[in-house]
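This report concerns only the one structure given below.
Quick note: the coordinates plus some simple rules give every number you see, no bench work behind them. Given the structure is predicted, the values throughout are model-derived calculations rather than measurements. So basically every Cβ, Gly included, is an ideal-geometry build from the backbone, and we count neighbours across all protein chains shown.
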Amino acid sequence: MAISYETELAEGWNKALQKAKKINKKILFSEVLKIAPIAPLTFYHAGKDMYSGERFFWQDPNKEITIAGAGKIEKIQVNPDSSRYENMENEWKELMQDGVKCGILDIAATGPLLFGGFSFDPEKSSSALWDQFGDNLFYLPKYMVSVINGETYLTSNVICSPEDRVDLYIKLLHERELLLKENWETGFSACPEITGAEEVEAEQWKRAVANSIKEIKSTELDKVVLAREMRLTLSESASSEVIIKTLMEEQPESFIFCLESGSDCFLGATPERLVKKTGNEVFSTCLAGSIIRGKTNEEDAQLGEELLTDEKNLLEHQYVVSMIAGALGSICDEISVPEKPLLLKMRHIQHLYTPVSGFGKKEATIFKMIEKLHPTPALGGLPKDKAMVIIRETELLERGFYAAPIGWTDGYGNGEFAVGIRSALIQGKNASLFAGCGIVEHSNPESEYQETMIKFKPMLSALGGLGNE
């Protein structure tokens, strides 16, 4: 690493140290450098020995932003209640207060950044399955590589105490050089074999769907989303970097995400953006209504056309569009909503898709937007409160971070959160996969069951089997 970088880091660290001593409190020090290209997944792998259990990875479908974090200098968790979004935002503001930044500034997804997520439902107590994550979990990384529109940046974050040594930055230099020297382009191991698969209470899930259809026909409930779990046993512990690499290759149209916590790892390839904020521009995605991909181009086009005219799927989709447009309308000065949905084609499935955009009001932070949007009818139902009661009483799993907001926000107010679907919780040689369906008046339990099987496929395939057929 060039001498000028070392000098700049030393000067920045000394400035932070002097400020910490002056105000007699710990403060955040952050440095951002533009560096030679390195694949974020290579950097993620390089952190395995030193920072296993404290890493994250993110890539958006357009490949505009890819980030990988290794190590954490702060782990933030707030009380699991209705104020969790506001409390998380306040914790983030407090952490940023009095901080010192040096190097390259004002680049989105660099510098101080929080990565993490929330559980689907703070009112449902966390089960043993999600012990490592709790209701919410965010990291401020020690080191992070960000590839922004083809340019590569390295962020180093440190909590600076008044009593720290003046030469502590030298340790920082040494650690990050080790991470950047690592090479992991070739020679990685394959995914372990799937030695066992259990669909958890599949028949009972179908009965729950049938009961929900009756509820919809006889009450004011319009829609409810019911999810189920598939448990896998693997021949050996799964490597998250191998799964991420496979997802990047097989699901390029998706958000690829991974969040480690201790010995567990939650990862996936989701097609669904919850919210993106760039300056005051705001973007969301309405994704509801789906059908399989065709085996030929002709069949695929025919199935897509069928989806675009299907009454049940169009109704389900419109519920989501109306809710998201209304939620963003309350925090944006103006919004744009196309009149008709488009098709979003993934490897195994195609969806009805409507992008919504707007310009956020000054007070509209990304955490406020998440609070307004989650859960959308695509993940919960309508009316929201009634649907949530049905989910709590009916579902045979603890959703945890599944179907919930996961993503990042930086110190400049930018950020992006997706919805954690097409996902799995990896626990050594065990994996829990999750899939759900939107139930409306014209739903059919067997058809919904088959739809969940399609939605399991991305993670089954990434784990090396059962989803490849």
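Quick notes on this one:
- For the chain, the longest principal axis of the alpha carbon atoms and the long axis of helix 3-23 meet at an angle near 90°.
- Separation in nanometres of the label points that stand 7 Å from Cα toward Cβ, at ASN444 and ILE170: 7.3 nm
- Charge dipole of the chain about the Cα centre (unit charges at C-beta), most positive-ward option of ALA109, VAL440, SER263: ALA109
- In the chain, the alpha-carbon atoms span a convex hull of 140 Å³ per residue.
- Kirkwood hydrodynamic radius of the range 1-129, Cα pairs, Å: 17.4 Å
- Computed from point charges on the beta carbon alone (+1 for Lys and Arg, -1 for Asp and Glu), the dipole magnitude for the range 1-159 about its Cα centre is near 540 Debye.
- Taken one residue at a time, the phi angles of the range 426-434 give Karplus couplings (6.51, -1.76, 1.60, θ = phi - 60°) of 9, 9, x, 8, 10, 9, 10, 9, 10 Hz. Gly and Pro are set to x.
- Average Cα contact separation per residue, the chain, under 8 Å, 6 or more apart, as relative contact order %: 21 percent
- Over the chain, DSSP H runs of length four or greater, each weighted -39,500 (n - 2.57), average out per residue to a 222 nm ellipticity of -10500 deg cm²/dmol.
- Mean separation of Cα pairs under 8 Å and 6 or more residues apart, divided by the residue count, gives the range 6-187 a relative contact order of 36 percent.
- Dipole axis of the range 1-50 (+1 Lys, Arg; -1 Asp, Glu on Cβ), positive-most option in LEU33, GLN18, MET50: GLN18
- Between ASN280 and ALA197, the contour length at 0.36 nm per residue exceeds the alpha carbon distance by 25.3 nm.
- Site pair ASN90 and ALA10 shows an inter-label distance of 4.3 nm when each label is modelled 7 Å from Cα along Cα→Cβ.
- Spacing of the two label points (7 Å from each Cα toward its C-beta) at SER125 and ASP333, in nm: 4.8 nm
- With Cα atoms, 0 to 90° folded angle of helix 311-329 axis to the chain main axis: 40 degrees
- Net charge dipole size for the range 357-424 [Lys, Arg +1 and Asp, Glu -1 on Cβ; Debye, nearest 20]: 200 debye
- Relative to the dominant Cα principal axis of the chain, helix 297-308 is inclined by about 80°.
- Long pairs among LYS214/LYS455; LYS26/LYS93; LYS15/LYS101, criterion Cα-Cα beyond 18 Å: LYS214/LYS455
- Placed amide H near ALA197: partners under 5 Å, 5+ positions off or other chain: THR233
- Loop-resident GluC sites (Glu not before Pro) (DSSP state other than H, G, I, E or B) in the range 349-436 with no more than 16 further Cβ atoms inside 10 Å of their Cβ: GLU363.
- Note on the chain: with charges restricted to the Cβ of Lys and Arg (+1) and Asp and Glu (-1), its dipole about the Cα centre is near 940 debye.
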